[in-house]
1. Relative to the Cα centre, what is the charge dipole magnitude of segment 227-332, using +1 at the beta carbon of each Lys and Arg, -1 at the beta carbon of each Asp and Glu, and rounding to the nearest 20 debye?
2. Relative contact order for the chain using alpha-carbon pairs under 8 Å, separation at least 6, rounded to a whole percent?
3. How do 225-232, 131-138 rank on mean C-beta neighbours within 10 Å, highest first?
4. Suppose a student asked you for the relative contact order of segment 435-571, using Cα pairs under 8 Å spaced at least 6 residues apart; what percent would you report?
5. Can you list residues from other chains, or at least 5 along the same chain, whose modelled amide H is less than 5 Å from the amide H of VAL154?
6. Give the distance, in whole Å, between the Cα centre of segment 607-643 and the Cα centre of segment 49-68.
7. Once the dipole of the chain is set up with Lys and Arg at +1 and Asp and Glu at -1 on Cβ about the Cα centre, which of ILE627, THR111, THR612 lies farthest towards its positive end?
8. Enter the Cα centre distance for the pair segment 140-215 and segment 117-135, rounded to the nearest angstrom.
Amino acid sequence: MASEPANSTWRNVPATQAVMAALGAEAGLARFVGGCVRNTLLQLPVTDIDIATVHPPEETTKRLLAAGLKAKPTGIAHGTITAIADRQPYEITTLRRDMVTDGRRAVVAFTDDWAEDAARRDFTMNAIFMDIDGMILDPMGGMEDALAGRVRFVGQATQRIREDALRILRFFRFQAQYGKGRLDADALAACRLDAASLNGLSGERIRNELLKLLGAPATGLVVRAMAEVGILYALFPNPLRVEALDRLIAREGNQPDLFRRLAVLLDHPPEAVTQRLRLSREDGARLSAMAIDRLDLDADEAGVKVQLHRYGVKRFVDLAWMTAALEDSEPALLGRALALSRNWKVPTFPLRGADLIKLGLVPDQRIGRILATIETRWIDGGFQADQEVCLAWACDSLTQELEQDMANIAETAARALTNARANNQPVQSFPDGSAPGSVEAAYAIQDAAVALSGEEVSAWKVGPAASNFPETCAPILASRVLSSPVALSNALRLKAVECEVAFRLARDLPPAGGPYTSAQARDAVATAMVAIEVVETRYASWPVEDRIWALADNQSNHALVVGAETPLPDATTIDALTATLALGEAVKPADKGFPGGDPFALIAWLATHVGTRSPALATRGLKAGDIITTGSWNGVDFATDGMTVRADYPGLGSAEVTYG
Ligand code: ATP
Ligand code: MG
């Protein structure tokens, strides 16, 4: 028995008084026990109130209800009823002794003997009773131990631990909370001896004790002692990160965070910890998030901001503490990171999928890709770009993607045409939707075919605009410019020929120098020559009905056969030119003249047009030495197997092709 201590206001609140009155505390039928008594004696805050009573649980329940209080059977097997008064829980347990214990749970018998009840409790400082007037009943001499900070088992440590392995963790937990001086040697030895028995305990029980332990004032010291004797080894076999925990605690000051401490201490897969301790989904996710990445606290401010944005404030703060503790970073770096997390408002990326859909984008995987690209750019730019700028970037990258798509499609079509040419097999249809639908698409296919060939372009054919169709042109590869006379294979399917006049440039006509006039083009020309354009189609039928398809197929060019060159005749001579085409023995006039009238106007158009082609062609432009053929004088005629075809332009020269 002892006199009433000072710190006991909790005892006088009406709710407590009501519960105790219901239980007949005045008559000595109920007493406070456990933490509330211990902490009152130690002048520490009281958080929960445990009550011991002589009444069996049914009687306790009856009395509570009769007093208009709530009663919940929270641990009926051990005789525990929880009363609720004024929203405050009171854990009321019938005096008892433990009959059978298996290390995890006990079979109990109720008693009215206070000393017997004290004997089944874990530590002497937890086995002190206090009545409603504050009088102490202390059968185990717990008060002295409590005041001395001695965590001492009631009875024999080894036996008490065998009854309930959780007492191992409770020993360290109370030591961390109330212990002063060295740990009780007997208790420590007993804990070490049976440390493996922690394995048999439920996750909830371990979790509760472990978290309380991690929040206690002497956590660091006690965890070190636990690590030394391998207490947690059975649960988490990897070495405990005791020093990192010390650092964390030292830096936390008055803002302890139990899960952070747990994450620092346990070098163990977070999923396994979550499962073993039966953590909630939320706590488990947090633990995992802390375990995976480390921050670069050394980064410059912009770099720290990037990390803050990447992880979000909550996770960033956790990771900052983790990193600082595990890597022993400069405290100033941690301080800077935490200050930034408080003071800098993490910006939100100003673009969403809906904004792109508004631009006319079909909702598909492209949206996510573009958003990700723009977000990276936004982050790299220090989060400065606003929505307008981001939208402009999105448009750019969309255009680029579409161009790339078009290039890919063009390449597919060009491959089909190139293969058809190589195998002399017609294209029946374009694969994968690559059929051209516009003049631009047709030119893209021409360009792709040039790229696929790996060859230089050394000549062009060009034709005038006609009935709703613009000027046309096609590049001719160097290997397709042949010197007259030339032998061609009978195997060519069409064997179509056209007589033409071609010109060779003496000077470059770079697209940037244009748009050119006919006079400028003429001025750039050095020589003229008679040419036979050998016409073939890579399609199944002739004529090619779709002009865009024909254009994509290099405007049906197979090769250009050129005769000897003469210096460019004067305008009058050119205007007066006549021609004949000999198909074997048959000679016919080729009298249609230059298609479109002025061949130099077409060359001028071409020089400008080349600037709109693939980058490779556009940067090259028209160059000195290039040959340009300017359209058929005979329409089209067809040779037969073994036939010699000859174009004659009196005064200009001739060109000749023989099939065989
Ligand atoms: P806290 O301030 O953390 O609530 P507490 O001492 O009240 O500390 P509780 O876990 O609430 O601890 O338990 C109440 C009382 O029940 C303890 O003081 C102790 O007397 C007894 N007790 C609890 N758990 C055990 C156990 N595993 N073995 C023996 N006695 C126990
Ligand atoms: Mg308690």
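The values are calculated or read from the model by the stated rules, or taken from the named source; none is laboratory data. Just so we're clear, the structure is a prediction, and the values are computed from it rather than from any experiment. A quick note on method: Cβ atoms are made from the backbone with ideal geometry, for glycine too, and the neighbour counts reach across all protein chains shown. Quick note on the areas: whole protein, heavy atoms, side chains included, nothing else; ligands and nucleic acids left out. Shrake-Rupley method; radii C 1.70, N 1.55, O 1.52, S 1.80 Å.
1. It works out to roughly 540 debye.
2. 8 percent
3. Answer by packing, highest mean first, reads 225-232, 131-138.
4. Numbers: 216 pairs, mean separation 42.2, N = 137.
Answer for segment 435-571 is 31 percent.
5. Counting only residues 5 or more places away or on other chains, the set is PHE123, THR124.
6. 106 Å
7. Positive-end residue among those listed: THR111.
8. 17 Å
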